Every structure is written in structure tokens, then in C-alpha cells.
Amino acid sequence: KGKRAFIAGVADDNGYGWAIAKSLAAAGAEILVGTWVPALNIFESSLRRGKFDESRKLQDGSLMEIAKVYPLDAVYDNLEDVPEDVKTNKRYAGAKNWTVQEVVESVKKDFGSIDILVHSLANGPEVSKPLSETSRKGYLAAISASSYSYISLLKHFLPIINPGGSSLSLTYIASKRIIPGYGGGMSSAKAALESDTRVLAFEAGRKKRIRVNTISAGPLGSRAAKSIGFIDKMIDYSFTNAPLQKELHAEEVGNTAAFLASPLASAITGAVVYVDNGLNAMGVGV
Ligand code: NAI
């Protein structure tokens, strides 16, 4: 009786979502992923053409299987939320059932239930603008895509997450320390995500004994991070200043996710777990 995981925010083999999928697969979980609609075609065709076969390899030599890829846009809860220009957009019109409610309905129809929910997505259209120059629209978009998307996913999945299940998201230390360059309200979005982790842990814990945690990850050169523009600097900074002067591997975040989703972590909920070579513990750069 293996567990089933739904991982939202996988569109290539470079990010944390992919690494988490691999660690969960290695631990025996069945893997479902939610892929952002505009990235769906390229992700599915790359999968089909074997472009990810090398990075699908698990420790034991087998290849990670993805049981199903669901198109998803986590800023829309249901069809009524979707504006006309998005509905008719070529890339969106080609896929269907990609609002949060519809994805959960599809998963329920296809598989019945899940045990593990992972939120590994973020978006802030004005991330390169300082907070004090961010527009209301940009700020709210960052919160919608990066914070409320998690509440929405958990809210809709909750009825079909098996009791004893586990929910996880990814956060960043810019929520509580000043990281110049992480703008557009993204720092605010991560602060909200961490606070929501505590409140959701209470609500999901009392309702269904489901644990809710977030991993505060160190810098990784993912597609999303590269679009922010300062990722190489952050990786260098971490390497120089963290207690552990080594590269941070996405797999280390994946393995922490597998631990947090497992019975080994049965008393851990509402936690922000740092997987960053210890950088968060430093007070000054040295
Ligand atoms: P990534 O590019 O692999 O993942 C982000 C994913 O979000 C992409 O697949 C993108 O298609 C998807 N996405 C964006 N908007 C979406 C929407 N509206 N609906 C559905 N999917 C959407 O990049 P990464 O860096 O692995 O990001 C995963 C998580 O890790 C994010 O929450 C990020 O903030 C967090 N994180 C990343 C760090 C880094 O240095 N890369 C550090 C700490 C946290």
C-alpha cells in the first residue's frame, strides 16, 4: 500500500518540485504532477521524447514514473475565475480542467485519494522591482500565485487527502530577513506562506490529522530562480558564508520532503524546516 503524492509546480527537471518527486518516488510513492498550463506542451513532449530519462534515474537504477501529468493554473480556483482573454488564449484553450477545483475533481475521478500534497510553485511578475516600487497589481499577483495558491490547493484537496497525510510547501528566508533583489512582494508572499503553514497545520490537524510543514530552501539555479536574475550571486554568497561550505543539491531538499511526508516525522507539523547548509543561522557574512 504505497502512498500517492500530488506535486504542484513541476515543468522541467531543474527545480525543487522535480527533486521532491524523485525522492518520493524512491521512497515508493506514486507520483502525480501539476504542470503550469503554458509549460505543459514542452514538458510533456520532453518527457515523451526521453529528454528527462537521465534525470529520471533513481538510486536503484530504475526510472521515476509519473503516473499522470495534470495541467494546472493555481491562480484560478474554478472556471468562473478565468478571464475571457485567458480562456481564449491559444495555450490555455488547448488544455482543459486546469483550475484548482477541476484538477482536484480529476484526481479524485482518476485515483480516489492522495496521501501527500506538495506545493512547489511561485510567481511574482514584479519580482525584480524593489518592494517600495511595486504596484498593487504586482503585489497581489505575487500573493495570489505564491501564497493563496497553496490555501486553495489544500482546501480543495483536503477532502481527498487520507487521514495521517502530509502537506508541504517551499519557502525562502526573504520572508524574515532582508534579501535585496527578492522584490515585487515575493518576500511578503513567503511571509504569508509561513504564517499560513502554522494556521493550516492547526486546521488540517484537528480536522483530519494531516500535517502541514514548509521547507525553507537555500538558493538553487532553477528556471524560476534564474528569471529573478540574482541567483548566481546568492549561490556564491551561500557557498562563502554558510556553516557548510558545499553546493546545495536539490536532492537534499527532496530527501527532507520525503522525510517530512513519512511516519518518521509523525509529530512534526506547523514547522519551517531550513534546508540551506545552515545559512539562516548566520548573523553576518564572513
Ligand atoms: P521551478 O521553476 O522549478 O518551479 C516553479 C514552478 O511554478 C514552475 O514549474 C512554474 O511553471 C510553476 N508555476 C508558476 N506559476 C504557476 C501557476 N500560476 N500555476 C501553476 N504553476 C505555476 O523553480 P523552483 O525554484 O524550484 O521553485 C519551486 C519553489 O521553491 C517555489 O515556491 C520557490 O519560491 C521555492 N524556492 C526556491 C528557491 C531557489 O533558489 N530556487 C529558494 C527557496 C525557495
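Values quoted throughout were computed directly from the atomic coordinates according to the rules given, and no laboratory measurement underlies them. Here the structure is a predicted model, which means the values were calculated and not measured. Quick reminder, even Gly has a Cβ in these numbers, built from the backbone with ideal geometry, and neighbours come from all protein chains shown.
Some points to look at:
- Cα point-scatterer Debye curve for the chain, base-10 log of I(q)/I(0) at q = 0.13 Å⁻¹: -0.88
- The chain: DSSP helices with Cα axial extent of at least 18 Å and average Kyte-Doolittle hydropathy no lower than -1.0: 186-208
- Links that overshoot a 27 Å alpha carbon limit, given the list K51/K233; K137/K190; K190/K246: K51/K233
- Anisotropy class of region 228-286 from Cα gyration tensor, a/c 1.5 cut: prolate
- Overall shape: oblate for region 83-144, with the ratio a/c of the largest to smallest alpha carbon gyration tensor axis at 1.5 or above and b/c at least equal to a/b.
- Candidate aspartates and glutamates for bridging to K57, where Cα separation is under 17 Å - those fewer than 8 sequence places away on the same chain excluded: D12, D13, E30, E65, E251, E252
- Measuring between their Cα centroids, region 97-147 and region 1-51 lie 16 Å from each other.
- Sequence-distant contacts, meaning Cα pairs under 8 Å at least 6 residues apart, place the relative contact order of the chain at 19 percent.
- Cα gyration tensor shape of region 55-181, rounded if a/c is under 1.5, else prolate or oblate by comparing a/b with b/c: oblate
- Ranked packing of 169-176, 152-159, most packed first, by mean Cβ within 10 Å: 169-176, 152-159
- Taking the average, over residues, of other Cβ atoms within 10 Å as the packing measure, peptides 257-270, 30-43, 127-140 rank 30-43, 257-270, 127-140 from highest down.
- Gain on full extension, evaluated as 0.36 nm per residue between K226 and A267 minus their Cα-Cα distance, stands at 11.2 nm.
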